[in-house]
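Heads up, the thing below is written out as structure tokens.
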Amino acid sequence: MANPIASIAASFDAQPLAPSPGKLVVISGPSGVGKTTILRSLLAELPQLIPGVSATTRSPRTGEQDGVDYHFLTLEEFERRRAAGEFLECCQVYGRQHWYGTLVEEVAPRLAAGAWVVLEIDVEGTLSILRRYDALTIFVEPSHPDQLSLRLKGRGTESPEAVARRLEVAHRELLEAHRYQHRVVNDNVHDAVQTIIRILRDAHLPPHTIDSTRPTNSVKASPTPSGAHA
């Protein structure tokens, strides 16, 4: 069976980029673990963190804004930019027809300015990122895998088949958690957020905002926050 989260490599020469004064933070975790809620809380508490906005070929959902929630691209534009090497990573998520990815322009200029950029991406995307950046990686996981099934089914937003696909992917992602520098169990959102804040501060997160280009409404409630591939 084909891997439904297998990233299809963009056509770029994946050589490490020049060292920059900023820092790239990558947060991953299986569907249903609560990483979206955690990221919103982090952005609310740490204004010096700049969320990287993902690009996607899917249509905007109600309330989503281009350039804030996602960069909404046509399939033709996405493929053109992928062929031009403008993505750090890109993939088709859960076997859907829509593409998602992280543009170089969302990351490199901000790191060069000394900012800390945070991305919420999957395991495959993280491995692509690590080919080019010395990122700080954090994997959010449940205390027991059964919690994922309960949370996903409790949402009531997807078919049983879609939930089964997500759980299949989640199982594979949990097996890759050892690749991350830090693993945070999310039994309580507040505790998980505070643990990640301590990790970031131990890594010398600056006390004040450096990059003034952070979207002013990047922490607003939305179905999928900036950076999430879903």
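Bear in mind that the values in this text are calculations on the coordinates, not laboratory data. This is a predicted model, so every value here is computed, not measured. For neighbour counting, all protein chains shown are included, and Cβ atoms are generated from backbone atoms with ideal geometry for every residue, glycine included.
Starting from the eigenvalues of the Cα gyration tensor, five times each then square-rooted, give me the equivalent ellipsoid semi-axes of the stretch 113-199, largest first, whole Å. Working shown, then result.
Working: eigenvalues 128, 56, 29 Å².
They are 25, 17, 12 Å, listed largest first.
Could you compute how fast the stretch 22-99 diffuses translationally, taking Rh as the Kirkwood radius over C-alpha pairs and applying Stokes-Einstein at 10 °C with viscosity 1.306 mPa s? Give it in µm² per second. Please report the intermediate quantities before stating the final value.
On the way: Rh = 14.4 Å.
The diffusion coefficient I find is 110 µm²/s.
Tell me which residues come under 5 Å, amide H to amide H, from F87 once H is placed; ignore anything under 5 positions away on its chain.
V104
Could you tell me the calculated FRET efficiency between R201 and T62, based on Cβ-Cβ distance and R0 = 45 angstrom, to the nearest 0.05? If you can, show how the numbers build up before the last one.
Values: r = 37 Å, r/R0 = 0.81.
E(calc), rounded to 0.05, equals 0.75.
As an exercise, use a Förster radius of 41 Å and the Cβ-Cβ distance of Q97 and T37 to find the FRET efficiency, rounded to the nearest 0.05. Can you show the working numbers first?
Numbers: r = 27 Å, r/R0 = 0.67.
Calculated transfer efficiency: 0.90.
Can you compute the radius of gyration and Dmax for the stretch 23-202, using only the Cα atoms, both in Å?
Cα-based Rg and Dmax for the stretch 23-202 come out at 16.1, 45 Å.
Give, as a single signed number, the net charge of other residues whose beta carbon lies under 10 Å from the beta carbon of Y70, with Lys and Arg counted +1 and Asp and Glu -1.
Values: positive: R58, R61; negative: E64, D66, D69.
So the environment of Y70 carries a net charge of -1.
If you rank K23, K153 by fewest surrounding Cβ atoms within 10 Å, what's the result? List each step's numbers first, then the result.
Numbers: K23 21, K153 13.
With the sparsest Cβ surroundings first, the list reads K153, K23.
Between E77 and E161, what is 0.36 nm times their sequence separation minus the Cα-Cα distance? Round to one decimal in nm. Intermediate values should be presented prior to the final figure.
Working: separation 84, 0.36 × 84 = 30.24 nm, distance 3.05 nm.
So the chain would gain 27.2 nm between E77 and E161.
Give me the net charge for the shell around I196: Cβ to Cβ below 13 angstrom, other residues only, Lys and Arg +1, Asp and Glu -1. Numbers along the way, then the final one.
Values: positive: K35, R40, R183, R198, R201; negative: E45, E120, E141, D191, D202.
Its environment carries a net charge of 0.
D146 to Q194: extension gain in nm, 0.36 nm per residue of separation minus the Cα-Cα distance?
Details: separation 48, 0.36 × 48 = 17.28 nm, distance 2.40 nm.
Result: 14.9 nm gained on full extension.
For T126, what is the net charge nearby, where nearby means another residue's Cβ is under 12 Å from its Cβ and Lys, Arg count +1, Asp, Glu -1?
Details: positive: R131, R132, R179; negative: E89, E120, D122, E124, E173, E176.
Charge balance near T126 sits at -3.
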